[in-house]
Amino acid sequence: MRRCLWLLVFLCGIGSAQAAAPKTVLVLGDSLSAAHNIPVEAGWVHLLDARLNQMVPKWTVINASISGETSLSGRNRLPALLAKYRPGVLVLELGANDGLRGLPLPALRANLDAMIAAAQKAKVRVLLVGIELPVNYGPQYRDGLRAVYADLARTRRTALVPFLLEGIALDPALMQDDGLHPVASAQPRVLDTVWKPLQPLLH
């Protein structure tokens, strides 16, 4: 009888610890998510972390984004990140550097698809974040890039942000001099774009 009581207390303790454990959002992206040329605390990922810290139960953010990251390097890094942090949600924001380098779209799609598959195999919900390129890259490549994200979100049944910088990219006042990265004052708007499809994944 005493042994059964001890076992019940032990199991209840484990359940309470698991319930109290913070949940994790893993952000895997490039310079758009790594607060390029602005203070880290001004970046949209840091702002997301601050918002999630106010939630009950509490969520935390791990920002694994690296400036210059490509879909291939992200694909190579993701398994270790999933094993280390065991996130509940993956925000996957990659492809901009591939596009700027003119990577063939089938290769980009294969890398993104492999990352989504790895996350879903680990029971991680995925938010796929799309990007778009400047108009000088031509309509064929730009339309094809846009279709990669839309098709993957449909076939893999992930949440989707069609374009991270929607309503921002074409406003010079909201972009840095390079024309590729938002200024600090635009970061709350970037967060709002991500938040709408992310919020349902947190429940």
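The values are calculated or read from the model by the stated rules, or taken from the named source; none is laboratory data. Quantities reported herein were computed from a predicted structural model and do not represent experimental measurements. Reconstructed Cβ throughout: ideal geometry from the backbone, glycine too, with neighbour counts over all protein chains shown. Accessible surface areas use protein heavy atoms only, side chains included; no ligands, DNA or RNA. Shrake-Rupley method; radii C 1.70, N 1.55, O 1.52, S 1.80 Å.
When the chain is treated as a GNM with alpha-carbon contacts under 10 Å, the residue of 107, 96, 83 showing the greatest mean-square fluctuation is 83.
Where the centre of each part is set by its Cα atoms, how far does segment 149-196 sit from segment 47-120, in angstrom? If you average the Cα positions of each part, the centres end up 15 Å apart. Evaluated with a Cβ-only charge set (Lys, Arg +1; Asp, Glu -1), the chain carries a dipole of roughly 1380 debye about its Cα centre, given to the nearest 20.
Please identify every one of the trypsin sites (Lys or Arg not before Pro) in segment 132-178 that sits in a loop by DSSP and has no more than 13 other beta carbons within 10 Å of its own beta carbon. Before the final figure, lay out the partial values.
Numbers: sites: 142, 146, 154, 156, 157; in loops: 157.
Answer by residue number: 157.
In this simple spin-label approximation, residue 176 and residue 196 carry label points 7 Å from Cα along the Cα→Cβ vector, and these lie 2.6 nm apart. Look at the dipole of segment 68-203 built from charges on Cβ: of 181, 164, 83, the Cα furthest out on the positive end belongs to 83.
Normalising by the residue count of segment 71-167, find the relative contact order in percent from Cα pairs under 8 Å and 6+ residues apart.
Working: 113 pairs, mean separation 29.8, N = 97.
In percent, rounded to a whole number, it is 31.
What's the FRET efficiency of residue 122 with residue 142 using the Cβ-Cβ distance as r and R₀ = 25 Å, to the nearest 0.05? The computed FRET efficiency comes out at 0.20. The fraction of accessible area contributed by carbon and sulfur in the chain is 60 percent, rounded to a whole number (1.4 Å probe; ligands and nucleic acids excluded). Based on the alpha-carbon gyration tensor of segment 110-195 and its eigenvalue square roots a ≥ b ≥ c, which shape applies: rounded if a/c is under 1.5, prolate if not and a/b is larger than b/c, or oblate? It is oblate, given that a/c is not under 1.5 and a/b is not larger than b/c.
Heavy-atom accessible surface of residue 55, to the nearest 10 Å², is about 40 Å², with a 1.4 Å probe and all protein chains retained.
Accessible surface for segment 29-118, divided over its residues, is 44 Å² per residue with a 1.4 Å probe. In degrees between 0 and 90, to the nearest 10, how far off the longest principal axis of the chain does helix 105-121 point, with axes built from Cα atoms? Roughly 10 degrees between the two axes.
What angle, in degrees between 0 and 90 and rounded to the nearest 10, separates the Cα long axis of helix 187-198 from the longest principal axis of the Cα atoms of the chain? So the helix axis and the longest Cα principal axis differ by about 60 degrees. Among the chymotrypsin sites (Phe, Trp or Tyr not before Pro) found in segment 125-166, those both in a DSSP coil and sparsely packed, with 16 or fewer other Cβ atoms within 10 Å of their Cβ, are 163.
Can you give the calculated 222 nm mean residue ellipticity of the chain, where each DSSP H run of n ≥ 4 adds -39,500 (n - 2.57) and the sum is split over every residue, rounded to the nearest 500 deg cm²/dmol? Display every interim value, and only then the final one.
Values: 7 runs with 95 residues, N = 203.
After summing the helix terms and dividing by residue count, I get -15000 deg cm²/dmol.
Taking all protein chains together and rolling a 1.4 Å probe, residue 131 ends up with roughly 10 Å² accessible.
Taking 13 Å as the cut-off, no amide N atom of segment 153-173 comes nearer than this to a point 7 Å along the Cα-to-beta-carbon line of residue 51.
Scaling against 2.2 N^0.38 Å puts the C-alpha radius of gyration of the chain at 1.14.
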